[in-house]
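The values are calculated or read from the model by the stated rules, or taken from the named source; none is laboratory data. These figures come from a predicted structure and were not determined experimentally. Note: ideal-geometry Cβ built from the backbone for every residue, glycine included; neighbour counts use all protein chains shown. Only protein heavy atoms, including side chains, enter the accessible area calculation; ligands, DNA and RNA are left aside. Shrake-Rupley method; radii C 1.70, N 1.55, O 1.52, S 1.80 Å.
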Amino acid sequence: MSKFGSSPIEKIVQQQKEHFFATKNPSFVMGVSGGPDSMCLLHILQKLDVPLHIVHINYQKRGAASDKDAELVAKTARKFDIDCKTITVDPAEAEGRNFQQWAREVRYSAFELVADQMQANGIVTAHHQDDQIETILQKIFHGSGLASWSAMQVWDGHLFRPLLNVSRDQIETYCRDQSIDYRHDESNFSSDFARNFLRNEWLPELEQHFPGWRRNVLRVAEQADIFGSSLRYILNEITDEKNCLSRTDFLQLDEKLQKSVLIYYVNQVDKDAEISRGALNELDKLEELQTGKSIQLTESMELMRDRDVLKLVVDTGETDVFLTLRREEIEEAAISFNGLQFEIQEFHNPDFEHCLYLDQDAISWPLHIRKWKKGDRFQPLGMTGHQSVADHLTNRKVSATEKPDALVLESFEETICAVIFPPIEKKQPPGTIADALKCKETTTRCLTIKHIL
C-alpha cells in the first residue's frame, strides 16, 4: 500500500509534483508560518521526501506569540531534519505603508534570496482554494480590469502552490486527522485588513444566500484567463522585438480594445499597476502625439511616442550610483560594467570614433556611474556654455525610447565628466566628454571608455 494511504490531499500534492516537475527530486524553498496551511503542506512534502529549505519570517508583530510561532517551525524542522532559517524583521520599517504589502515584499525577497543561494527549483507556498477565491474577489472589488481577475497558477515557473485546489476545511481536517501541531495567528481573526474582512465578515454569509458561489467565482477566473489570452495574442501581434507597440496597429484598434490592451501591457511590467480612468481617457491624444512626447499612465509610467512606435517608460525614481571607479583599481586592470569597458592607458593613437578619452590627471577621483536625471547639465566637448543632458541626447539623435538608458559619469565633486549613450547600432562614438577633461598635447595617460558589444 502507498505510504500516502487514502488521503485525497496527499494524492493531490503528489500528482501536482509529478505533473509539473520532470525531475524526480526537485528542491524548494518553503515559507512556513506555523499556521495550519503551511504545517499541513510541510508534513505532506516531508512524506514525499521532497528536499526543502524552510524560511520563517518573524515580524515581531504579536510579541511572545510571534516567538512561539518561530519555535514551533524550528522544532518541526529539527524533527524532520530539514534546514530552517528564521529571519526576524522590525515592523517599525513598515511605518507609513500598507503592512500586509510590506510583509509580503519582505518574505518573498527572503524566499528568493535563499532559493538563489540553495539553487532550488522554486519556491513552494501553501496557498489554497480559499486564498484563490479571496484573491479574485479582492481584484474585482479594487476595480482591476477583467484580465487581472485571472487566478493564481499551481506552478508559474517560479512559485509552486500544490494546495491550490484544496479547501481550508480540507486542510484543517487533515491536520486533525494527522495530529499536526500548528498555531493560529490571532491577527487573522481581526477584520482590520481587507482580506480578513472578506474571510471573517462577508464570505461566511454568502453560502446560505448564493449556494455554489465559490465555484462561480472560480469560473470568473477561468473566463478572465480566456480574455487575458486574447489580449496576449493581440499584444504579441502589435509589438516588436524591443517590446514597443506599433503606433499604427495600436491606433487601428477599437477604442475600448485599446484600453484593455494597454492595461494588459502595463500589467506585464507591474502586475499591481493601475491606470486611472483619466489616463485612459487621454488615449485619444495619441493620434496627435509628437515624437518624444508622452502620456502619463501611472505615477511612475509613461507611454512615449518614438516615431512609429509607442514605448512604456518606467521611472523607478532611482538615481543611485551603479558603480564607483577608483583610479588605483583601474590602473591595475580594466573594469567592465553593463557592456562598457573602463581602462587607463597611454594617450597614443586615439580612436575617437569608437572610444572616449578623458585626461586622467584632470579628473577628480573617484568617479560614479549613474543614470542621468532631469536637471543634469554639463559642458560638452567643444562648447563654451553648459547644456542639459536631455537636450544633448536629443541633439545627438538618441531616440526618445533609448534616452532613459543613457548614463552619466560624475566626479567626486559631483561634476558630470561624460555622458554615455546606450549601445545603439552604428552610433559612434559612445558618448560625449566634458570639455574640461579633454586630452591635450601634454596628456600622457587617459581614462578610456568604450562599448564592448
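Annotations for the structure displayed:
- Answer from Arg107, Arg78 - the residue that is of a type in the set (Lys, Arg) and either assigned to a strand (DSSP E or B) or free of Cβ contacts under 8 Å to residues at least 60 places away in the same chain (or both): Arg78
- Residue in segment 319-353 that is modelled with the highest pLDDT, counting only those that are surrounded by 12 or more Cβ atoms within 10 Å (Cβ to Cβ) and at positive phi: Gly339
- Checked against the criterion of being in contact with a Gly (Cβ under 8 Å, 6 or more places away or on another chain) and surrounded by 14 or more Cβ atoms within 10 Å (Cβ to Cβ), the candidates Leu356, Leu303 yield just one match: Leu356.
- Yes/no for Phe421 being loosely packed, with under 15 Cβ neighbours inside 10 Å and hydrophobic (A, V, I, L, M, F, W, C): no
Listed here are the residues, each with its yes/no results for (1) at pLDDT 80 or above; (2) within 32 Å of the chain's Cα centre (by Cα); (3) not basic (Lys, Arg).
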position	(1), (2), (3)
Asp181	yes, no, yes
Asn188	no, yes, yes
Phe193	no, yes, yes
Arg199	no, yes, no
Asn216	yes, yes, yes
Gln223	yes, yes, yes
Gly228	yes, yes, yes
Arg232	yes, yes, no
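- Candidates Gln46, Gln15, Gln60 - the one that is part of a loop (DSSP other than H, G, I, E, B), open to solvent by 10 Å² or more (accessible area, probe 1.4 Å) and of a type outside the set (Asp, Glu): Gln60
- Evaluation of Val55 against the conditions (1) under 31 Å from the mean Cα position of the chain (by Cα); (2) closer than 19 Å to Arg176 by Cα shows that the sole unmet condition is (2).
- Checking Phe412 against (1) open to solvent by less than 30 Å² (accessible area, probe 1.4 Å); (2) hydrophobic (A, V, I, L, M, F, W, C); (3) touching a Pro at 6+ places or on another chain (Cβ under 8 Å), the condition it does not meet: (1)
- Qualifying residues in segment 264-284 (those that are open to solvent by 50 Å² or more (accessible area, probe 1.4 Å) and closer than 12 Å to Leu312 by Cβ) - the one farthest from the chain's Cα centre (by Cα): Gln268
- Of all residues in segment 236-248, those being closer than 15 Å to Leu289 by Cα and open to solvent by 60 Å² or more (accessible area, probe 1.4 Å) number 1.
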